[in-house]
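What follows is a set of notes on a single structure, which appears directly below.
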Amino acid sequence: MTLATGTRRPTERATRAGPKRGRSLGGHGAWFLVLPALIPILVLSVGPLLYGILLAFTDAQSGRTTSTRWIGTLNFQDLLHDTLFWESFRIGLVWAVGVTAPQFLLALGLALLLNQELRLRWLARALAIVPWAMPEVVVGIMWRLVYNADAGVLNETLRDLGLGDGRDWLSGLATALPAVIVVGVWAGMPQTTVALLAGLQNTPRELHEAAAMDGAGAWRRFRTVTWPALRPVAFAITALNLIWNFNSFALVYVLTNGGSGGRTRLPMLFAYEEAFRYGQFGYAAAMGCVMVALISVLLAVFLVGRLRGGEES
């Protein structure tokens, strides 16, 4: 009895101590695993964001020998009466919606086509993502050549078809923004196509076959089978595209530099000019804070509306 008791107690003690030691080591190990990803986020994202918010409450300018002063909300008060900024914000919303909506519709059609059993489907999928693989600067330079008023491909084609002598698409007040929107749709459609194609491939084929056996046509199968399964992916990629397109900079900067009477001056371009052309760092930081706040509100309204629509359906 003494031997049995003596051999049992260490086992019980080890069993009781084991989970505690495992929990303690697991907690410290989790922090060590998170730190490599957390440090770059803090240094490259959170830190600059907090510094930008702080800068918005100062009169920071470039080339000044005096120290930066704290001016409170003066930059934001000036921004409320800056009609040029609010006009650029309106243009940014038109650009974001004008790119996101056709981008989604065209990508949806292309994803449905690429999801079919077609010959050389692998080649078609590879070609579909070519615009996504190209840097925005390269895309902008390429489309500037297409839109060139003298020897551009578009104007040459119109002349060959007898549809006029062409026009300066990127400098015209009426054509600059639509021309840039076309480029934005072309450049951003592949990533939307890839996301929607992944959602389509996750839809069970048995559901389509069952609906087809019940006599459902192509449109009814899409409405009752495909779209309900695709809705979460479509909602997520649309929200992300809206944010990405509103914050666009490089593509529009290369194409028009915000020109044509300011018809393509997006908010990011306006803030860039205030900061690096006129040296108003504090005022530009205030613009960034306002843009982040308003886009967050719009996105929250969009999210709430879609969530309520999903619950009702």
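The values are calculated or read from the model by the stated rules, or taken from the named source; none is laboratory data. Predicted model, so just to flag it, every value in this text is computed and none were measured. Note that we place each Cβ from the backbone using ideal geometry, even for glycine, and neighbour counts take in every protein chain shown. The protein model used for the area step is the full one, side chains on, heavy atoms only, and it has no ligands, DNA or RNA in it. Shrake-Rupley method; radii C 1.70, N 1.55, O 1.52, S 1.80 Å.
Before moving on, here are some points about what is shown:
- Candidates GLY258, GLY262, GLY279, filtered to the one that is over 19 Å from the mean Cα position of the chain (by Cα) and open to solvent by 10 Å² or more (accessible area, probe 1.4 Å): GLY262
- Qualifying residue in segment 199-215 (condition: within 27 Å of TRP95 (Cβ to Cβ) and either modelled with pLDDT under 90 or in a helix (DSSP H, G or I) (or both)): yes
- Those residues of segment 142-185 which are within 22 Å of PRO131 (Cα to Cα) and part of a loop (DSSP other than H, G, I, E, B), in sequence order: TYR147, ASN148, GLY152, TRP169, LEU170
- The condition (being in contact with a Phe, Trp or Tyr (Cβ under 7 Å, 6 or more places away or on another chain), over 27 Å from VAL233 (Cβ atoms) and aliphatic (A, V, I, L, M)) is satisfied by just one residue among LEU145, LEU170, LEU158: LEU170.
- Qualifying residue in segment 177-200 (condition: more than 16 Å from the chain's Cα centre (by Cα) and over 29 Å from GLY98 (Cβ atoms)): no
- In segment 145-180, residue modelled with the highest pLDDT [restricted to those that are of a type in the set (Val, Ile, Thr) and open to solvent by 30 Å² or more (accessible area, probe 1.4 Å)]: VAL146
- Qualifying positions in segment 55-85 - closer than 25 Å to LEU266 by Cβ and open to solvent by 90 Å² or more (accessible area, probe 1.4 Å): GLN77, LEU80, HIS81, THR83, LEU84
- Helices (runs of 4 or more DSSP H) completely within segment 217-280 that count 2 or more residues being at pLDDT 85 or above: 227-246, 250-255, 267-272
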